[in-house]
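Everything on this sheet refers to the single structure shown next.
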Amino acid sequence: MKLKYISFILAIVVCTALLVICVSGCTQPAQAPDEEAVMEPISNRSSPEFTDDMTYDGLAHSLQKSLSYLQKIPIDRPFAFGKDRYTTEHMIRSLQYFLDFVQSRPPADELDKFIRSNYLVYRSVGRNGKGEVLYTGYYEPHLRGSLSRGADYRFPIYARPRDLISIDLSLFREKYAGEKIIARYTDQKVLPYYDRSEIDSDGALEGNTEVLAWVEDPVDVFFLQIQGSGKVYLDNGDVLNVHYHTSNGRPYRSIGKLLIDKEKITVEEMSMQKIRQYLTHHPDEIEEVFNYNPSYVFFKIEPDGPLGNINVKLTPGRSIALDRRIFPKAALCFIETEMPVVDSAGQIQSWQRFTRFALNQDTGGAIRGPGRADIFWGSGPYAEIAAGHLKHTGKLYFLVLKPGS
C-alpha cells in the first residue's frame, strides 16, 4: 500500500511539473541560444593585440582554479567553442600550457606572438551579431550582522527552504535537456515557489528555513542577493562567508529599469550607488521597489569565498560570469572594455579602455546570451565603485590551444 501511494505521488509530481511549464502564468524555462551560434573562430588578422593591463597579476591563481575544476570532471567531457568541440583533457592541456608560459612574466611582444602561434581564437557574436558585448561588474559586499535578531539586526539572510524542490525537466521530455524548474510541493500539487513579496512582505518562510544571519539594512540584503556572495561581520567578532545556494526560480527583473521608467533616476545617472541613495531618501518605497523583482536568492555558509558556479574561489579582475548554458566553463578568455579612473575622494574622473586575460568561472541570473559578461572586481571601495557603475560595451574572446601544439 505504501509503495502504491509513493508511486501515485510521483506520478502527480511528473504530470504537474510538465503542466507548470505549459500553462500561462507559470515560470517557463528560458530558451538558451544555440551554443553553436554564440561564437565564431577568427583569424590572426582579425584578432586583437593580446596585452594584459594587470601585467599578469592574479592570472596564475585564476588559471590554477580553472584547472582544479577541470581535473575533477571526466576527461572526455566535451566543451563547445561554437561548432567545435574540445575534451576536458584538451582544456587542461590548453590552460596548463598558458600557465607555464605566463609564470615567466614574458614581455608584451612575446605574449602576443605566443598566443598567435599556439592558440585558436574565437569571438562571441555578442548581442548584435557583430561582437558587441555589454559588460557589467559585481563585487563581494561586506555586511554587519548578528546570529540573533535584535533592534539593530532585523533583516534575515535565508538558507534554502525545506520545501523548495528542483525538478530536472530532461527526465520528462528530451527537448528540456539542461532545464529545470524550482517549485514547492503542497497538497499533492507542484506550485511555483514563493516570490519576493510573499517571502518578505507576507512571511511565507516563517518556520520553514534557517536564518543564517540578521543584518542591519534591507538594502544590504537585496544587493547581497544581486552579487551572489559576501562576508557578514558578526557582532561576536566572527565572519561568515555566505554564498549563493539556490533561488526561488522566479525571473529576475531590474529595479534599476523600474526607477528609470518611473523617472526617479535618469539613464545617465543609473548605478548601484544611485539606487542605494534613492532608497535611503525614500524608505517608504523600499518594499514596493524590491517586490518589483520577484527573484529571491538563498544562501549557504562556506569556509572560504567568494565562490563561482564551478565551485572555485574567484580572482578579482580575472574571474568573469557568463551564460553557463552556452559558454564553456573554466575557459580562458580575453576581454576588452572600460574601467573607471577614480580619485582619492572616490569620484569617477574618467573611463579608460583596457584588455586582459580572464577565466569563465561564474554565472548570474541576469547574465543571459552571448552579449553579456560580468566582471568580478573583488572587495573594497574601488571594487564597489567599478561594479556599481560599469555598463560599457566591449569584445569577448575565447582561447584554446591548437590541436597538436
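Taking the condition among the small types (Gly, Ala, Ser) and surrounded by fewer than 22 Cβ atoms within 10 Å (Cβ to Cβ), does GLY388 pass? Before you say what the answer is, go through the steps one by one.
Numbers: among the small types (Gly, Ala, Ser): yes; surrounded by fewer than 22 Cβ atoms within 10 Å (Cβ to Cβ): no.
So GLY388 does not fit the description; no.
List, please: which pairs have Cβ atoms under 7 Å, are six or more places apart or on different chains, and start with a residue in the stretch 145-164 that is closer than 21 Å to SER201 by Cβ and end with one that is small (Gly, Ala, Ser) and surrounded by 15 or more Cβ atoms within 10 Å (Cβ to Cβ)?
TYR153/GLY145; TYR153/SER146; ILE157/ALA213
How about the stretch 165-190: which of its residues are touching a Ser or Thr at 6+ places or on another chain (Cβ under 9 Å) and without any contact (Cβ under 8 Å) to a residue 60 or more places away in the chain?
Of everything in the stretch 165-190, just one residue is touching a Ser or Thr at 6+ places or on another chain (Cβ under 9 Å) and without any contact (Cβ under 8 Å) to a residue 60 or more places away in the chain, namely ALA177.
Would you please name the residue that is nearest to GLN352 (Cα to Cα), looking only at residues in the stretch 382-405 that are of a type in the set (Gly, Ala, Ser) and over 17 Å from the mean Cα position of the chain (by Cα)? Steps first, please.
If we filter the stretch 382-405 for residues that are of a type in the set (Gly, Ala, Ser), which is where we start, we get 383, 386-388, 394, 404-405.
When the remaining residues are screened for being over 17 Å from the mean Cα position of the chain (by Cα), the result is 394, 404-405.
Numbers: GLY394: 12, GLY404: 38, SER405: 35 Å.
This residue is GLY394.
Could you tell me whether the stretch 173-188 includes any residue that is surrounded by 14 or more Cβ atoms within 10 Å (Cβ to Cβ) and out of contact with any helix residue (DSSP H, G or I) (no Cβ under 9 Å at 6 or more places or on another chain)?
Initial filter on the stretch 173-188 (surrounded by 14 or more Cβ atoms within 10 Å (Cβ to Cβ)): 176, 179-185.
Subset that is out of contact with any helix residue (DSSP H, G or I) (no Cβ under 9 Å at 6 or more places or on another chain): 182, 184.
So far as the stretch 173-188 goes, yes, one or more of its residues are surrounded by 14 or more Cβ atoms within 10 Å (Cβ to Cβ) and out of contact with any helix residue (DSSP H, G or I) (no Cβ under 9 Å at 6 or more places or on another chain).
Hand me the list of strands (runs of 3 or more DSSP E) wholly inside the stretch 297-370 holding 2 or more residues that are charged (D, E, K, R) and over 26 Å from GLU49 (Cα atoms).
Ranges flagged: 297-302.
Being within 30 Å of LEU396 (Cα to Cα), without any contact (Cβ under 8 Å) to a residue 40 or more places away in the chain, assigned to a loop (DSSP other than H, G, I, E, B) and out of contact with any helix residue (DSSP H, G or I) (no Cβ under 7 Å at 6 or more places or on another chain) is the requirement here; does GLU263 meet it? Give the steps one after another, and end with the answer.
Working: within 30 Å of LEU396 (Cα to Cα): no; without any contact (Cβ under 8 Å) to a residue 40 or more places away in the chain: yes; assigned to a loop (DSSP other than H, G, I, E, B): yes; out of contact with any helix residue (DSSP H, G or I) (no Cβ under 7 Å at 6 or more places or on another chain): yes.
No, not satisfied.
ASP112 passes all but one of (1) of a type outside the set (A, V, I, L, M); (2) exposed (fewer than 13 other Cβ atoms within 10 Å of the Cβ); (3) touching a residue at least 60 places away in the same chain (Cβ under 8 Å); which number fails?
(2)
If TYR86 passes every condition in (1) of a type in the set (Ser, Thr, Tyr); (2) in a loop (DSSP other than H, G, I, E, B); (3) touching a strand residue (DSSP E or B) at 6+ places or on another chain (Cβ under 9 Å); (4) assigned by TED's automatic domain parsing to the domain that holds GLY369 but one, which one does it miss?
With (1) of a type in the set (Ser, Thr, Tyr); (2) in a loop (DSSP other than H, G, I, E, B); (3) touching a strand residue (DSSP E or B) at 6+ places or on another chain (Cβ under 9 Å); (4) assigned by TED's automatic domain parsing to the domain that holds GLY369 applied to TYR86, the lone miss is (2).
Just checking, which of GLY364, GLY380, GLY346 is modelled with pLDDT under 95 and farther than 27 Å from SER247 by Cα?
GLY346
Small (Gly, Ala, Ser) and without any contact (Cβ under 8 Å) to a residue 40 or more places away in the chain, is that true of GLY404? Write out each step before concluding.
Details: small (Gly, Ala, Ser): yes; without any contact (Cβ under 8 Å) to a residue 40 or more places away in the chain: yes.
For GLY404, the condition - small (Gly, Ala, Ser) and without any contact (Cβ under 8 Å) to a residue 40 or more places away in the chain - is met.
TYR119 versus (1) assigned by TED's automatic domain parsing to the domain that holds ALA331; (2) surrounded by fewer than 19 Cβ atoms within 10 Å (Cβ to Cβ): which is the lone unmet condition?
(2)
Can you confirm whether GLY394 is of a type in the set (Gly, Ala, Ser), crowded, with 17+ Cβ neighbours inside 10 Å, assigned to a loop (DSSP other than H, G, I, E, B) and in contact (Cβ under 8 Å) with a residue 60 or more places away in the chain? Full working, then the answer.
Values: of a type in the set (Gly, Ala, Ser): yes; crowded, with 17+ Cβ neighbours inside 10 Å: yes; assigned to a loop (DSSP other than H, G, I, E, B): no; in contact (Cβ under 8 Å) with a residue 60 or more places away in the chain: yes.
So GLY394 fails the test.
Exactly one of (1) part of a loop (DSSP other than H, G, I, E, B); (2) crowded, with 20+ Cβ neighbours inside 10 Å; (3) more than 21 Å from the chain's Cα centre (by Cα) is unmet by GLU140. Its number?
For GLU140, the exception is condition (3).
Give me a count of the residues in the stretch 336-369 that are crowded, with 21+ Cβ neighbours inside 10 Å and either out of contact with any Asp or Glu (no Cβ under 7 Å at 6 or more places or on another chain) or small (Gly, Ala, Ser) (or both).
Result for the stretch 336-369: 8.
Answer yes or no as to whether LEU212 is surrounded by 18 or more Cβ atoms within 10 Å (Cβ to Cβ), at pLDDT 95 or above and not assigned by TED's automatic domain parsing to the domain that holds ALA151.
Values: surrounded by 18 or more Cβ atoms within 10 Å (Cβ to Cβ): yes; at pLDDT 95 or above: yes; not assigned by TED's automatic domain parsing to the domain that holds ALA151: no.
Against the criterion (surrounded by 18 or more Cβ atoms within 10 Å (Cβ to Cβ), at pLDDT 95 or above and not assigned by TED's automatic domain parsing to the domain that holds ALA151), LEU212 does not qualify.
Out of ASN293, ASN248, ASN241, I need the residue that is touching a Gly at 6+ places or on another chain (Cβ under 9 Å), crowded, with 17+ Cβ neighbours inside 10 Å and under 25 Å from PRO306 (Cα atoms). Which one? Lay out the reasoning, then the answer.
Working: ASN293 fails: touching a Gly at 6+ places or on another chain (Cβ under 9 Å); ASN248 fails: touching a Gly at 6+ places or on another chain (Cβ under 9 Å).
Among ASN293, ASN248, ASN241, only ASN241 is touching a Gly at 6+ places or on another chain (Cβ under 9 Å), crowded, with 17+ Cβ neighbours inside 10 Å and under 25 Å from PRO306 (Cα atoms).
Please tell me if SER66 is closer than 24 Å to GLY378 by Cβ and outside any loop (DSSP other than H, G, I, E, B). Spell out how you get there, then give the answer.
Values: closer than 24 Å to GLY378 by Cβ: yes; outside any loop (DSSP other than H, G, I, E, B): yes.
Against the criterion (closer than 24 Å to GLY378 by Cβ and outside any loop (DSSP other than H, G, I, E, B)), SER66 qualifies.
Can you tell me which residue within the stretch 44-60, out of those that are part of a loop (DSSP other than H, G, I, E, B) and in contact with a helix residue (DSSP H, G or I) (Cβ under 8 Å, 6 or more places away or on another chain), is surrounded by the most Cβ atoms within 10 Å (Cβ to Cβ)?
Step one: list which residues in the stretch 44-60 are part of a loop (DSSP other than H, G, I, E, B), which gives 44-58.
So of that shortlist, the ones also in contact with a helix residue (DSSP H, G or I) (Cβ under 8 Å, 6 or more places away or on another chain) come out as 44, 47, 49-52, 56.
Values: ASN44: 9, SER47: 18, GLU49: 12, PHE50: 20, THR51: 15, ASP52: 17, TYR56: 15.
Among those residues, the one meeting the criterion is PHE50.
The values are calculated or read from the model by the stated rules, or taken from the named source; none is laboratory data. The structure displayed is predicted, hence computed values, not measured ones. Every residue, glycine as well, gets a Cβ built from its backbone with ideal geometry; the counts of neighbours run over all protein chains shown.
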